[in-house]
Amino acid sequence: MSRHLIEARGLTYRYPDGTLALSDISFRIGHGEAVAVIGGNGAGKSTLLLHLNGSLQSGAGEVRVADLPVGNATLTQIRNAVGMLFQDPDDQLFMGSVFDDVAFGPRNLGLPESEVAGRVNDALATVGARHLAGRPPYRLSGGEKRAVAIAGVIAMAPSILVLDEPSDGLDPAARRRLINLLRSFSHTRIVATHDLDLVLDLCSRVLVMNRGRIEADGKPQAIFTDTELLARCQLEPPLSWQRRS
Amino acid sequence: MSRIDDTLRELRSLDSFAALPNTLTRLDPRAKILATFFYIAVVVSFDRYTILALLPLAVYPVILAALGDVPPSLIARKLLIASPFALMIGIFNPLLDRAPLVDLFGMDIAAGWVSFASILLRFALTVSAALLLVATTGFHRVCAGLNQLGVPRILTTQLLFLFRYAEVLAGEASRMGTARELRACGRRRLNLGVYAGLLGHLLLRALERAQRIHLAMLARGFDGEMRGPHQLAWRRTDMFFLVLCAACFALARSIDLPRALGHILLGALP
Amino acid sequence: MHMADALISPVVGATMWVAAGATLAYCSRTLRQTRQEQLAPLMGVLGAFIFAAQMINFSIPLTGSSGHLGGGLLLAILLGPHAAFVIITSVLTVQALFFGDGGLLALGANICNLGLLPCFVGYLLIYQPLLGPDPLACSARRVGIATALAAIGGLQLGAFSVVMLTLFSGISSLPVDGFLLLMQPIHLAIGLVEGLATAAIVLFLRRARPDLFSSIAPASSIKPLLGAVCLATALTAGVGSWFASTQPDGLEWSIARTSGATEQTDHARSWPAVDTSTSLEGLLGAAATLSLILGIGFLLRRLSK
Ligand SMILES: Nc1ncnc2c1ncn2[C@@H]1O[C@H](COP(=O)(O)OP(=O)(O)OP(=O)(O)O)[C@@H](O)[C@H]1O
Ligand SMILES: [Mg+2]
């Protein structure tokens, strides 16, 4: 899987209670791209992201990751390739200690314990959380939880990163560290976020979602100057732009 | 809903001492688990009118608390909170068992009072031993130890999940409860309908959370088996601790130390 | 209805541990065979839910007292009895280890009374037969009645078991009939309310998430579970009688107590009568022992600082 492509064609998803969360989503994200998915609350960002590693699978439409169709037969391969950060870190930190939590993925990959330890320490160091290794997750602050959750994803050494609101709840330093980390990552990155300044710093492409559809797909500069589009999708230009004008 | 927050604080307070670096926290959890069980078995094996011979056994929790840096006040508070049940059943003994058993300077003490005191003493000893096991080991390692001792992994995994998410769910319950109280116009107690609605919503959220956690686990390669670390190593100190404990408990079980001590002291008195 | 370490004899405690352990082994094997380890997160979060739910009290109508959910029956309805038993075991273990509720020796007995009975007897032998093969098609009233009866049944048996185990242990002086009269009616009321609460929650869920009931609750056959219940009962009864025959003291003594106070003085005489000099000896010894222990504790604390 050298080509870190993600492609969706005609994706439509309805939750069991009848809510139509995605309708006819199509896009194609190429190798090494950093793409932001933005949109108001309930626009369908999280639902879309959950499709990218097969957490949700819909009847209509298709997702392909690195030229493999997402389906039950390919799930293991897909999930090893796609690292997924969930919106609520409490959902992702289920082990008794930070170390064991970050080690959960590598251990499932069947790595020997020495390599697991190496990966865990590297991943924790990358997010600046080495000192938390022995702590139980419930004793962490919100931002620390998110940092550790990110380490858990990185420790799997995925070739594609899918992140749901990674900067939510981070202090400015941690947020800056996260942005630098994501910039240093040469693989494909897909980030759903309300942090539009992060989008400006990081992404070369933006997908704007509204009510389960993709309203626009383009460069950040073009999207953020289209005031009519932003208003329609419950968005605003990034703060750093508003101050400038 | 402050009761929920209190309970949570209680739950966490014990576990935090296990992170302290000391001799006890470094011991293999299996050694401490086995010692605790042996201790409890010895304590409850005395007959129901025993008080004196039980006293030397108090040395175990005292030493554990001292070595483990666990404040005695914490254990005492927890004992107090847990005591009503032992009190409730035990208090019938003095009422029902009135035959005089002990003659204390001309005062007859009924057998019921003696057995009641014995019940309370056993309660304090066994419960503080269990509390100190967690406080000096940490729940995480207790579970790892149990696992190595043959407890099915499905239960130890379950225990860790429960411990982890008790906080999250109790937090949700507490917030829902506060929201209800704010709108309940002073009616503190829950009637059945409101209660069922509250719990039903809490349960729905719990189920949704479980689903999300499962997804997060699958995303990191979960295939149904929890692979824990296998870093428990039985060392000579663990063996030493266990043998020492067992020997002391056996000694306390076979010799009535306080009476012997009293005999010597009384003999030494003019 | 937790039993406490202080009130249970080692033999009874150990027997109940064996019964609880056997049931646990059986349940975990079944869960593994039916590939339900995938349920780990679901079971864990539901355990946390029961833990949280037990901290919320509802008022019992007309009595002015309050109760809380036991949870075994609700879990069995949601996940089937095997998973429910494992979950209740975990909740009771945490309560014993962290709050001293019950204690470790009595944990086996508590698991049997509060886990085995509601999950297997209450659910499998009462709830399921009452609802028939298609529980989803049953009317709300039928669900309510079946749930209440199952909860009452489980709790009555649990209360009875507490009395019997206390009796076999022979540490409390409570007379059997008095204890039974105390426990059974209280648990009738608690069972009724818990049953209604459980029914209300089940009906609420059936409306909100009908998909749940069809997807997770596995259809389980009664036979092996009947086996487990019978095994536990036989073990308890066996040990009870063994205990009664080898160590007649506790049982006979309780029976004598309930049949009248005539033997009391005899009984008291059979214990060593203690005269003043021996009690002085005892007091001195106790004081010396306690000061020694406290001294050791104090010293160790000083040294480890
Ligand atoms: N488990 C669910 N069951 C039913 N409907 C759901 C579920 N999860 C989300 N929805 C609905 O699907 C739609 C899309 O939700 P989604 O979580 O994808 O939005 P989002 O863009 O991530 O929003 P936010 O910015 O608030 O995170 C919303 O209308 C939401 O109400
Ligand atoms: Mg979202």
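Here are the numbers for this structure:
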read-out	value
Those residues of region C:102-153 which are in contact with a Cys (Cβ under 8 Å, 6 or more places away or on another chain) and among the hydrophobic types (A, V, I, L, M, F, W, C), in sequence order	C:LEU131, C:ALA146
So A:THR19, is it away from chain B (no Cβ under 12 Å), open to solvent by 10 Å² or more (accessible area, probe 1.4 Å), within 16 Å of ligand 2 (Cβ to nearest atom) and of a type in the set (Val, Ile, Thr)	yes
Options C:GLY44, C:GLY13: the member that is modelled with pLDDT of 90 or more and outside any loop (DSSP other than H, G, I, E, B)	C:GLY44
Enumeration of residues in region B:1-39 that are of a type outside the set (Asp, Glu), open to solvent by less than 40 Å² (accessible area, probe 1.4 Å) and facing chain C (nearest Cβ under 10 Å)	B:ILE4, B:THR7, B:LEU8, B:LEU11, B:ARG12, B:SER13, B:LEU14, B:ASN22, B:LEU24, B:ILE33, B:THR36, B:TYR39
Scan of region B:66-80 for residues that are among the hydrophobic types (A, V, I, L, M, F, W, C) and at the interface with chain C (Cβ under 7 Å from one of its Cβ atoms), ordered by number	B:ALA66, B:LEU67, B:LEU79
Criterion: open to solvent by 30 Å² or more (accessible area, probe 1.4 Å) and either among the polar types (S, T, N, Q) or modelled with pLDDT of 80 or more (or both) - qualifying residue of C:SER139, C:SER173	C:SER139
Which numbered condition C:ILE56 misses (of (1) surrounded by fewer than 24 Cβ atoms within 10 Å (Cβ to Cβ); (2) at pLDDT below 90; (3) under 20 Å from C:GLY158 (Cα atoms))	(3)
Out of A:ALA149, A:ALA129, A:ALA125, sole residue that is surrounded by fewer than 20 Cβ atoms within 10 Å (Cβ to Cβ) and among the hydrophobic types (A, V, I, L, M, F, W, C)	A:ALA125
Checking B:LEU155 against (1) modelled with pLDDT of 90 or more; (2) surrounded by fewer than 18 Cβ atoms within 10 Å (Cβ to Cβ), the condition it does not meet	(2)
The lone exception for B:ARG48 - which of (1) in contact (Cβ under 8 Å) with a residue 40 or more places away in the chain; (2) more than 19 Å from C:MET3 (Cβ to Cβ); (3) over 17 Å from the mean Cα position of the chain (by Cα) it fails	(2)
Region B:40-60 - residue that is at the interface with another protein chain (Cβ under 9 Å from one of its Cβ atoms) and not in a helix (DSSP H, G or I) and, of those, farthest from B:ALA117 (Cα to Cα)	B:ASP47
Options B:HIS263, B:HIS230: the member that is at the interface with another protein chain (Cβ under 7 Å from one of its Cβ atoms) and either at pLDDT 90 or above or open to solvent by 40 Å² or more (accessible area, probe 1.4 Å) (or both)	B:HIS263
Enumeration of residues in region A:192-210 that are within 14 Å of ligand 2 (Cβ to nearest atom) and charged (D, E, K, R)	A:ASP195
Residue that is least open to solvent (accessible area, probe 1.4 Å), among those in region A:1-16 that are away from ligand 1 (no atom under 15 Å from the Cβ) and either over 24 Å from A:PRO158 (Cα atoms) or of a type outside the set (Ser, Thr, Tyr) (or both)	A:ILE6
Condition broken by A:THR227, with the remaining ones in (1) exposed (fewer than 15 other Cβ atoms within 10 Å of the Cβ); (2) β-branched (Val, Ile, Thr); (3) within 16 Å of ligand 2 (Cβ to nearest atom) satisfied	(3)
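The rows are residues; the columns are (1) acidic (Asp, Glu); (2) over 20 Å from B:PHE85 (Cβ atoms); (3) without any contact (Cβ under 8 Å) to a residue 12 or more places away in the chain.
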site	(1), (2), (3)
C:PHE120	no, yes, no
C:LEU124	no, yes, no
C:GLN128	no, yes, no
C:PRO133	no, yes, yes
C:GLN156	no, no, no
C:ALA159	no, no, no
C:VAL176	no, no, no
C:MET183	no, no, no
C:ALA189	no, no, no
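The values are calculated or read from the model by the stated rules, or taken from the named source; none is laboratory data. These numbers were taken from a predicted model, which means no experiment stands behind them. In this analysis, Cβ positions are derived from the backbone assuming ideal geometry, glycine residues included, and neighbour counts consider all displayed protein chains. Keep in mind that these areas ignore ligands, DNA and RNA; they rest on the heavy atoms of the full protein, side chains included. Shrake-Rupley method; radii C 1.70, N 1.55, O 1.52, S 1.80 Å.
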